[in-house]
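A short reminder: the numbers here are calculations on the coordinates, not readings from a lab. Given the structure is predicted, the values throughout are model-derived calculations rather than measurements. As a convention, Cβ positions derive from the backbone with ideal geometry for all residues, glycine included, and neighbour counts pool all protein chains shown.
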Amino acid sequence: MSGSDYYDLNIHVLADGSSSVKQMLSVANHLGYSGIGITNHIDKEPPSDGSHEDIELVRGVGIEVRNSSKLHGLIGKYRKKVDVLVVHGGSESINRSAVENPNVDVLTNLPTGRDNGFNHVLAKSAHDNEVAIAFNLDAIIKQRGGRRVHALAHFRKNLQLARKYHVSTVLTSNAMSCYDIRAPGEMIALAGLFGMEKDEANAALSTIPERIIKRNRRNSSMPQGVRIIQYNGQELC
């Protein structure tokens, strides 16, 4: 595993989470990541205090809405500003709007209740539009008892759909603090609890997130070779 470049594309910092950008970068670098994606919610932009020479800061945003009619406008607003655009799942209408939009990179935070709003039809759309499905492992790490059992059951179901329809998957920590980040090896081991093979889990932490980042930077209006140093208009390094 030492030859892989690992990325966690769902990290929350101040003012969304409780740790600074620098703290997140430092811990992630120590744990062996090549980069992390800061995906604060659109109304909680991070302060401009993040830089680290040994790990890449990936610009991202997390969009969470209750009304699917608002989703496409927000996606259009933020698409060219970030390297990874994440939509928080919810009702089936929200999930459908996300997977039908090719400007979305990752659908995350799918509910783990009785009906998580993800099915065969949506899985096919996710494949067709190259929208990856995230498995936020905090649902396994932080929950106990019946809730943890339900989360694992829904992860197994979503993994089966992803395999059947060849949907890209990513493993994320959904970290709200630097103490929530887990090392790549631990993430891969946790993914085995809901049936992910080691090669699948390794790709979900390395080649798939790296492909998402490269695709968006290639499509960006910025000149090639220029390092982005702003997040939604705020300097990060």
Query raised in the report: Spin-label point model (7 Å from Cα, Cβ direction): what's the residue 193 to residue 120 distance in nm?
Result: 3.0
Query raised in the report: So what are the ³J(HN,Hα) numbers for region 139-151, from phi and the Karplus equation (6.51, -1.76, 1.60; θ = phi - 60°), rounded to whole Hz, Gly and Pro as x?
Result: 5, 8, 5, 8, 8, 9, x, x, 5, 5, 4, 5, 4
Query - Dipole magnitude of region 7-220 about its Cα centre (Cβ charges: Lys, Arg +1; Asp, Glu -1), debye to nearest 20 - result: 580
**Report entry** DSSP-loop trypsin sites (Lys or Arg not before Pro) across region 50-146, with at most 11 other Cβ within 10 angstrom
**Finding:** 66, 114, 144
Report summary line: Percent antiparallel among DSSP beta bridges confined to the chain, nearest 5, equals 10
Query - Karplus-derived HN-Hα couplings along region 88-93 (A = 6.51, B = -1.76, C = 1.60, θ = phi - 60°), whole Hz, x at Gly and Pro - result: 7, x, x, 5, 4, 5
**Report entry** Rounded, prolate or oblate (a/c below 1.5 giving rounded, otherwise prolate when a/b exceeds b/c) for region 47-178 by Cα gyration tensor
**Finding:** oblate
Query - the chain: mean projected area of Cα convex hull, nm² - result: 11.7
Query - Cα-based reach from residue 80 at 18 Å (exclusive), listing lysines while leaving out same-chain residues under 8 positions away - result: 70, 214
Requested in this report: Using Cα positions and a limit of under 17 Å, work out the lysines in reach of residue 77, with same-chain residues fewer than 8 apart set aside.
Outcome: 44
Query raised in the report: Do the sum for the chain: with -39,500 (n - 2.57) for every DSSP H run of n ≥ 4, divided by all residues, what is the mean residue ellipticity at 222 nm, to the nearest 500 deg cm²/dmol?
Result: -11000 deg cm²/dmol
Query raised in the report: What length, rounded to one decimal in nm, is gained on full extension from residue 68 through to residue 163, with 0.36 nm per residue of separation minus their alpha-carbon distance?
Result: 31.5 nm
Requested in this report: Return the long-range amide H neighbours of residue 175 (sequence gap of 5 or more, or a different chain), with a cut-off of under 5 Å between placed amide H atoms.
Outcome: 12
